[in-house]
1. Got a sec? Which of TRP125, TRP132 is surrounded by 22 or more Cβ atoms within 10 Å (Cβ to Cβ), aromatic (Phe, Trp, Tyr) and touching a Lys or Arg at 6+ places or on another chain (Cβ under 7 Å)?
2. Take the conditions over 20 Å from the mean Cα position of the chain (by Cα) and touching a residue at least 60 places away in the same chain (Cβ under 8 Å) and apply them to ASN123. Does it pass?
3. Do we find a residue being at pLDDT 95 or above, part of a helix (DSSP H, G or I) and surrounded by fewer than 18 Cβ atoms within 10 Å (Cβ to Cβ) anywhere in region 216-232?
4. Looking only at region 195-208, decide whether some residue is farther than 18 Å from MET64 by Cα, small (Gly, Ala, Ser), at pLDDT below 95 and in a strand (DSSP E or B).
5. Select from region 216-231 the residues that are over 20 Å from ALA205 (Cβ atoms) and free of Cβ contacts under 8 Å to residues at least 60 places away in the same chain and list them in ascending order.
6. Out of region 274-306, which residues are polar (S, T, N, Q), at pLDDT below 95 and surrounded by 15 or more Cβ atoms within 10 Å (Cβ to Cβ)?
7. Scan region 255-262 and give yes if some residue there is in contact with an Asp or Glu (Cβ under 6 Å, 6 or more places away or on another chain), surrounded by 14 or more Cβ atoms within 10 Å (Cβ to Cβ) and at pLDDT below 95, otherwise no.
8. Determine whether SER62 is in the same structural domain as GLY187 (by TED's automatic domain parsing), surrounded by 14 or more Cβ atoms within 10 Å (Cβ to Cβ) and touching a Gly at 6+ places or on another chain (Cβ under 9 Å).
Amino acid sequence: MRTSRNLLIAALVVVVLSVAAVPLLNFVVYTPARAAESYVAAVARGDAERAFSYLSSPTPTSTMALGSEVLDAAPDLPRDAQARTISTDGDHATVELSYVLGSRPQSVELSMVKLPAAAGLFNRWAIEQEDWPTLGLEVSGSSTATVNGYSVSAGQVPVLFPATYLVGSDGTYLKSKSESVRVTAPGDSPTISLSPEPTKQLQEAVAEQVKEHMHKCVRATTLHPAGCVYGYDTDNEILGEVKWSLEREPEVSLTAEGNDLELTPTTVEVRIQGRYRDIVTAAEHDFDERLSFVLGGSVVVRSAEVRYEPRRLGDVTVL
């Protein structure tokens with residue numbers, strides 16, 4: 001009986017001492033500065049999930065570059081993080097954070113916000129981000145890029161800070177050298193413009209689509225083949241069907257035009273044959289004409305898909 005009473009008293013003493021220690025722990029351990037250091041430590045380990053627990057941020061528009069695999073593949077991650085609390089005002093605080101990224105010392109002021117207490121006792125602080133830091137990816141002729149070797153959609157890509165990211169294009173159809181870019185603070189939003197070079201596979205894929213388009217057009221039996229960029233105009237009455245043939249194949253190469261990928265203009269010659277009735281004399285005649293025009297068009301690469309959209313440049317010329 002006495003033993004049970006002693007154990008109960010001991011337990012109560014432990015509880016009282018623990019509760020009494022909470023204010024001291026909140027003052028010394030569970031501080032805004034410690035939370036900032038813990039966040040950077042998680043980033044340095046490539047532990048994105050743990051880093052998220054020290055962030056108070058809006059829902060990201062994309063999570064493609066926010067995973068641990070992307071972060072862990074970064075060429076440079078922070079080290080030697082130290083933080084000090086500059087000021088505290090109720091549930092908000094300002095912290096000065098210093099760290100080293102690559103060989104460069106960095107320093108940034110962070111806004112901190114107090115979250116609901118852990119276990120109802122211990123303070124929880126988080127870095128308050130109004131917006132995610134982002135990489136602005138502009139890629140000529142493509143809707144995708146790579147961040148640390150992982151494919152992402154072009155545009156504004158949310159990332160974690162502080163880290164160095166390698167941005168490039170390493171797809172089947174478009175490749176470019178990777179560019180190194182540092183993201184050092186919550187408000188960072190650098191823009192990276194890439195002009196990847198077409199690969200041999202892209203040249204072949206576009207050449208095949210151009211060939212299919214032209215051969216489909218010359219199988220038509222009308223003056224203006226549907227969906228094609230050329231036709232034959234006449235005031236005379238065409239009798240029956242006409243016959244098209246391809247006399248000069250287009251030469252396929254690609255050119256970057258701003259953010260677009262274009263088919264380099266190429267001259268194409270086609271032949272049309274048929275029979276007509278003269279609108280004035282009503283006499284019937286055979287006709288055989290050669291036409292020339294300049295073929296262009298845009299090329300769109302979306303992930304593993306290539307799409308060629310034909311366009312004629314200038315007028316059709318009768319040779």
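The values are calculated or read from the model by the stated rules, or taken from the named source; none is laboratory data. In this text the structure is predicted, and so the values were computed from the model without any measurement. Here Cβ is always computed from backbone atoms with ideal geometry, including for glycine, and neighbour counts include all displayed protein chains.
1. Unique residue meeting the criteria: TRP125.
2. yes
3. Yes, region 216-232 has at least one match.
4. For region 195-208, residues farther than 18 Å from MET64 by Cα, small (Gly, Ala, Ser), at pLDDT below 95 and in a strand (DSSP E or B): absent.
5. Across region 216-231, the qualifying residues are VAL218, ARG219, ALA220, THR221, THR222, LEU223, HIS224, PRO225, ALA226.
6. Residue satisfying the conditions is SER298 alone.
7. yes
8. Against the criterion (in the same structural domain as GLY187 (by TED's automatic domain parsing), surrounded by 14 or more Cβ atoms within 10 Å (Cβ to Cβ) and touching a Gly at 6+ places or on another chain (Cβ under 9 Å)), SER62 does not qualify.
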